[in-house]
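Below is one structure, written out as structure tokens, with a few remarks after it.
The values are calculated or read from the model by the stated rules, or taken from the named source; none is laboratory data. Since the structure is predicted, the reported quantities are computational estimates derived from the model, not experimental observations. With ideal geometry, Cβ positions are generated from the backbone for all residues, glycine too; neighbour counts draw on all protein chains shown.
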């Protein structure tokens with residue numbers, strides 16, 4: 001009979017451990033998490049399948065693809081988690097200032113850019129395309145972008161279409 005208290009103590013210990021595992025806190029989704037999720041889908045669509053990034057030909061032959069991490073007029077940024085894997089390419093996530101510095105030392109730099117990002121509830125809209133940082137800095141007519149729309153459906157971001165196509 002002396003074994004019963006030990007067995008009971010072990011049983012109570014298992015219940016306490018199991019109970020603490022079952023009540024783990026949920027991770028709170030932030031606005032930046034939402035931005036990362038929609039941009040992950042958009043960058044994959046633009047660079048991998050169906051590769052519909054406007055002016056993709058300007059970066060197609062490069063061994064590396066530069067993605068600007070900063071989004072002008074926005075407190076959000078493109079984070080490493082949003083970058084897709086692109087076969088045969090190395091993706092670099094650089095700030096606007098790093099891109100300008102690279103252009104100053106190496107010459108013109110083409111990069112993927114996201115602009116005018118707006119996320120409201122389950123809808124997102126932004127421009128995506130290729131831009132160029134020139135060296136020396138000069139006006140240049142280059143590059144196209146598309147204004148794209150995405151919607152969150154059953155928790156997943158889905159492409160809903162392009163409403164504008166703009167070339168400079």
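With the structure loaded, tell me whether residue 65 is at pLDDT 95 or above, surrounded by 10 or more Cβ atoms within 10 Å (Cβ to Cβ), closer than 23 Å to residue 134 by Cβ and touching a helix residue (DSSP H, G or I) at 6+ places or on another chain (Cβ under 6 Å) or whether it fails that test.
no
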- Query: Within segment 135-150, can one find any residue that is more than 16 Å from residue 46 (Cα to Cα), in contact with a helix residue (DSSP H, G or I) (Cβ under 6 Å, 6 or more places away or on another chain) and buried (at least 17 other Cβ atoms within 10 Å of the Cβ)?
  - Reply: no
- Message: For segment 74-117, give me each residue that is under 18 Å from residue 166 (Cα atoms) and exposed (fewer than 15 other Cβ atoms within 10 Å of the Cβ).
- Response: 116
- Item | Of residues in segment 32-60 being part of a helix (DSSP H, G or I) and touching a helix residue (DSSP H, G or I) at 6+ places or on another chain (Cβ under 7 Å), the one nearest to residue 76 (Cα to Cα) | 36
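Being at pLDDT below 95 and surrounded by 10 or more Cβ atoms within 10 Å (Cβ to Cβ) narrows it down to one residue among 51, 26; which is it?
Going through 51, 26 in turn, the sole match is 51.
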